Amino acid sequence: MITIVSLFLVVLTVAFLCYFETPDDKVTKILYWTFVALLCIIAALRPVGVDKDSINYMLMYYDPTYGADSSTVEYSFKLIVKVVDFLFGDVRGLFVVYALLSIPLRAYVLQRFTGQILLGLLIWACHYFVFQDMTQIRVAVSSAFFLLGIFFLAEKRRWPFMGCFVGALFFHYSSLLMLPLVFLSNRPVGRRERYVLLGVIPLMYVLLIAGIDPILSLPIPYIQEKVEIYEKMRDMGIMADDLNVFGLTFLMRVLVYYFVLWKYDIIVKKVPSVSLLLRVYVFSLCSFLLFSSFSVFASRISEFYGIVEIVLFATLVHAFRPPIIGRTIVVVYALFTLCFDLFNNHLLNMI
């Protein structure tokens, strides 16, 4: 219970103070890093069982063979377990290490990416902090490296991006998803590309409604085999059913994406990196629809690419006059997402 209460206190305070933040203001930066430190404490010192994965991590800590073939677990996790066991001798040390690896790095990148750092922190704390930093802790570190890589990519620094890819892959194998992005750039979104960005999501919906699954249609034996295994596990109740592609939270994300695209010419003058952010974010939305018949894959891929929304959604401030309108929309969206994650998806338990 204290974990959820502490998180709400931090979130509500940030939601209030973000109305008064000034880019590059010293006081704003001090407040920002104070809240980042509080999030580190919440994630590091949370009780085992408050989230959906900490019990599994505890079992993996005491028994490395638990739950999966040891070859599927990253070497970084095995190494950190050994270090934690030597220094602390307690699984809570594992949460401390991962919190200190992921949260400060993501906070550093967010500060470099946007002048709306408190607003970005609010978006992060209301969803990705709970979903990754407190639950999927290995993914959280790789996601932080991914966000840093996007920052380098926006500056046309592809080799540092590849360095971030290696760092992300060291912490979680899902970071292979970064590779296709190396071909993206931060050049302005032209008229033809804008039509593509506008039309790709409706196209995905048309395919779904027509019953055409592009993944199932691929004549690749490996994919067909994996699909059959997944369907058997789903029939046995081991895997979840199809995702709701018309769910409220997803439709809200789609709506924000289209609004940013609509106001692109205004926003890009204030936030030049919005061009790259839109290109990355459409990967998140499309993967959710493309893999919707395989809920685990869809959510994992979509959430991995979707981390850019902590920067992208903060750009709404520049799309409205007065800016307080855009700020309020983001605050309401963030708070709604947190409540939905906690009280509908039950990402945190009341213990």
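Computed from the coordinates by the stated procedures, all read-outs in this text should not be read as laboratory data. Since we're looking at a predicted model, the values are computed, not measured. Every residue, glycine among them, receives a Cβ derived from its backbone with ideal geometry; neighbour counts consider all protein chains shown.
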Net dipole in debye of the chain [+1 Lys, Arg Cβ; -1 Asp, Glu Cβ; about Cα centre; nearest 20]: 1380
How would you classify the range 81-167 from its alpha-carbon gyration tensor, with a ≥ b ≥ c the square roots of the eigenvalues: rounded for a/c under 1.5, else prolate if a/b is greater than b/c, otherwise oblate? oblate
Per-residue ³J(HN,Hα) for the range 247-255, Karplus 6.51 cos²θ - 1.76 cosθ + 1.60, θ = phi - 60°, Hz, x for Gly and Pro: x, 4, 5, 5, 5, 5, 5, 4, 4
List the residues, sorted by chain then number, that are 5 or more residues from ASP51 or on another chain and whose placed amide H is less than 5 Å from its amide H. ASN349
Lys, Arg +1 and Asp, Glu -1 on Cβ, resulting dipole of the range 21-66 about Cα centre, debye, nearest 20: 100
With N set to the residue count of the range 14-146, report its C-alpha Rg divided by 2.2 N^0.38 Å to two decimal places. 1.14
Most mobile of ILE209, ILE42, ILE310 per a Gaussian network model of the chain (Cα springs, under 10 Å)? ILE209
Pick from LEU31, LEU203, LEU177: which is most flexible by mean-square fluctuation in a GNM of the chain where alpha carbon atoms under 10 Å apart are linked? LEU203
Rg to Rh ratio, the chain, alpha-carbon atoms and Kirkwood radius? 0.95
Answer rounded, prolate or oblate for the range 246-351, using the Cα gyration tensor with square roots of eigenvalues a ≥ b ≥ c: rounded when a/c is under 1.5, else prolate when a/b is larger than b/c, else oblate. oblate
Table column - 3J(HN,Hα) (Hz), the range 163-173, Karplus curve with 6.51, -1.76, 1.60, x for Gly and Pro: x, 5, 4, 5, x, 5, 5, 4, 9, 7, 5
Dipole of the chain, positive direction: furthest Cα of LEU348, ALA37, PHE170, with charges on the beta-carbon: ALA37
Cα-Cα over 30 Å, subset of LYS29/LYS52; LYS156/LYS270; LYS52/LYS78; LYS156/LYS263; LYS82/LYS156: LYS29/LYS52; LYS82/LYS156
